[in-house]
């Protein structure tokens with residue numbers, strides 16, 4: 001024990017000489033006790049901080065239908081969110097006349113999951129108000145408190161990743177691998193970034209002061225806004241819900257989430273996990289509210305206004321289509337509510353001459369067909385040099401012919417290979433077939449796909465055959481519209497300038513990729529692309545790094561979420577200037593400028609000299625300014 005004690009005090013002995021007399025021995029004892037006592041306090045504080053950051057375990061019961069072996073439900077023929085109106089087997093048990101309802105189903109199998117009542121205007125308003133009430137206490141929490149919530153959610157997600165992936169698959173028809181990559185992996189990356197870096201970007205930040213204000217301290221404070229809203233799409237129900245919620249609450253806000261009517265079933269459960277976590281950590285779960293409303297645009301416009309036109313909502317994050325985004329932006333102008341918009345894209349991948357196509361073919365396949373092509377930063381256009389165009393086309397067609405479609409949660413799909421799941425519904429199939437036929441009539445090559453698939457054992461599933469369309473030109477309709485489907489467009493080019501023109505030749509500008517053997521050339525091409533994000537010899541990796549901003553250009557939206565930019569967008573950015581040495585110097589008004597002004601000409605000469613002193617170009621001008629200042633003080 002003595003040697004351990006000596007170890008702790010040894011560094012201090014090197015800077016404090018010992019005394020040999022009795023008084024010196026007493027001083028040394030008191031000195032050593034002080035150091036030991038300070039170390040004990042430091043240890044207790046560190047343990048307290050560690051305890052406050054430790055993940056809190058909680059439980060959240062799984063949904064019965066998430067089990068791959070579940071088979072007790074009703075299967076709906078040609079299911080839609082309004083199936084309850086024509087199929088009494090899926091109608092709500094206690095239907096209220098005049099009330100709107102949402103039918104949830106598995107698009108890969110047609111399995112009915114549940115029928116939910118849609119929120120009405122007053123219910124949405126009440127949810128906003130409850131979130132506002134909870135936020136007044138939440139904004140007082142420390143970053144340690146907020147990290148503990150995020151860390152607890154991450155622990156639960158990692159430990160329950162199988163049931164979370166299955167729940168997302170059941171509601172969207174995607175495969176388990178697509179759920180693992182797009183739902184679990186990206187969300188864990190988001191949470192890790194908030195835990196490790198969130199506080200750094202939200203703490204008061206000291207900025208430089210101009211020389212004239214050298215006696216001032218300038219800071220930027222990032223304060224909670226209050227209650228923010230997130231209106232998100234259906235393609236990643238876990239990540240699209242959790243990502244804006246995590247950012248909002250870490251910034252000290254309350255949040256109201258409007259999920260897509262297509263994924264009410266899974267999103268309700270995912271939000272339930274956040275509520276359980278908040279309870280376990282000792283906070284009010286009403287800080288996070290979810291609004292499950294039917295059709296934001298057409299069916300219930302008045303209910304949509306309850307969220308987008310609410311004076312309580314201080315920021316809106318929108319992920320969805322361009323037409324709906326325009327309506328949200330218009331509604332938000334009533335109270336000048338800021339909006340961050342991600343409106344999809346038509347992402348190109350430029351394949352430069354000399355690229356090893358065998359090396360990158362798997363990346364292109366994943367970029368095009370992941371999540372059945374329903375990926376906002378998935379590759380929609382492969383722009384290939386004419387010297388390799390036919391080889392790339394043949395390779396993609398060969399690999400696409402081998403893709404297997406099915407449900408990862410059906411009896412036939414469990415344990416067997418499934419490459420692509422279903423689309424979210426069959427409602428766009430006729431539109432997709434028409435646009436493919438139009439491209440064919442304009443001279444495009446369609447050797448595989450281009451039509452809906454009648455699945456041999458999943459007759460109610462929404463499957464579209466993986467498609468490859470070659471010889472596409474920029475003037476074709478199919479080259480200009482976002483398909484959001486398992487369709488690859490191959491476009492040839494002759495020069496790099498032409499490839500860049502093709503890539504930039506749409507109204508969209510979300511993400512892009514550049515592939516080639518020359519890293520410097522790839523970088524040069526990337527800098528010339530009109531978009532928000534570029535991956536070199538990869539696709540979509542900008543989103544996995546949550547330290548980077550995510551967002552687009554042109555019709556792909558504006559604003560950024562993700563990274564410091566996205567987190568700070570959810571705060572009120574406040575500049576505060578204070579005196580650096582208030583006991584020494586503070587601002588005072590010189591006599592020539594004090595009201596009432598004694599002499600306008602003297603006042604002008606004083607200010608003119610002040611400007612010359614601090615801003616003249618060269619020392620001579622500054623000295624002249626000082627003389628002018630002194631002569632008119």
Worksheet item: Quick check: anything in the stretch 434-450 surrounded by fewer than 16 Cβ atoms within 10 Å (Cβ to Cβ) and on the phi > 0 side of the Ramachandran plot?
Response: yes
Worksheet item: Does any residue of the stretch 590-610 turn out to be in contact with a helix residue (DSSP H, G or I) (Cβ under 9 Å, 6 or more places away or on another chain), under 30 Å from residue 346 (Cβ atoms) and surrounded by 13 or more Cβ atoms within 10 Å (Cβ to Cβ)?
Response: no
Response to the item:
Those residues of the stretch 48-66 which are surrounded by fewer than 16 Cβ atoms within 10 Å (Cβ to Cβ) and at pLDDT 95 or above amount to 57, 59, 61, 62, 64
Worksheet item: Which one of 501, 512, 462 is in contact with a strand residue (DSSP E or B) (Cβ under 9 Å, 6 or more places away or on another chain) and surrounded by fewer than 18 Cβ atoms within 10 Å (Cβ to Cβ)?
Response: 501
Practice prompt. Could you tell me whether residue 240 is under 13 Å from the mean Cα position of the chain (by Cα), in the same structural domain as residue 191 (by TED's automatic domain parsing) and under 20 Å from residue 173 (Cβ atoms)?
Written response: yes
Fill in: residue 226 on the phi > 0 side of the Ramachandran plot, surrounded by fewer than 21 Cβ atoms within 10 Å (Cβ to Cβ) and touching a residue at least 12 places away in the same chain (Cβ under 8 Å)
yes
Worksheet entry | Residue list for the stretch 102-156, filter: in contact with a strand residue (DSSP E or B) (Cβ under 8 Å, 6 or more places away or on another chain), surrounded by fewer than 18 Cβ atoms within 10 Å (Cβ to Cβ) and part of a loop (DSSP other than H, G, I, E, B) | 139
Worksheet item: If you take just the helices (runs of 4 or more DSSP H) that sit entirely in the stretch 532-633, which of them hold at least 2 residues that are modelled with pLDDT under 95?
Response: 541-544, 600-615, 619-631
Fill in: Condition met for residue 464 (touching a residue at least 24 places away in the same chain (Cβ under 8 Å) and within 30 Å of residue 549 (Cα to Cα))
no
Worksheet item: Only one of these conditions is not met by residue 180: (1) in the same structural domain as residue 285 (by TED's automatic domain parsing); (2) over 30 Å from residue 337 (Cβ atoms); (3) outside any helix (DSSP H, G or I). Which number is it?
Response: (3)
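The values are calculated or read from the model by the stated rules, or taken from the named source; none is laboratory data. Computed from a prediction, not measured in an experiment: that's the story for all the values here. For neighbour counting, all protein chains shown are included, and Cβ atoms are generated from backbone atoms with ideal geometry for every residue, glycine included.
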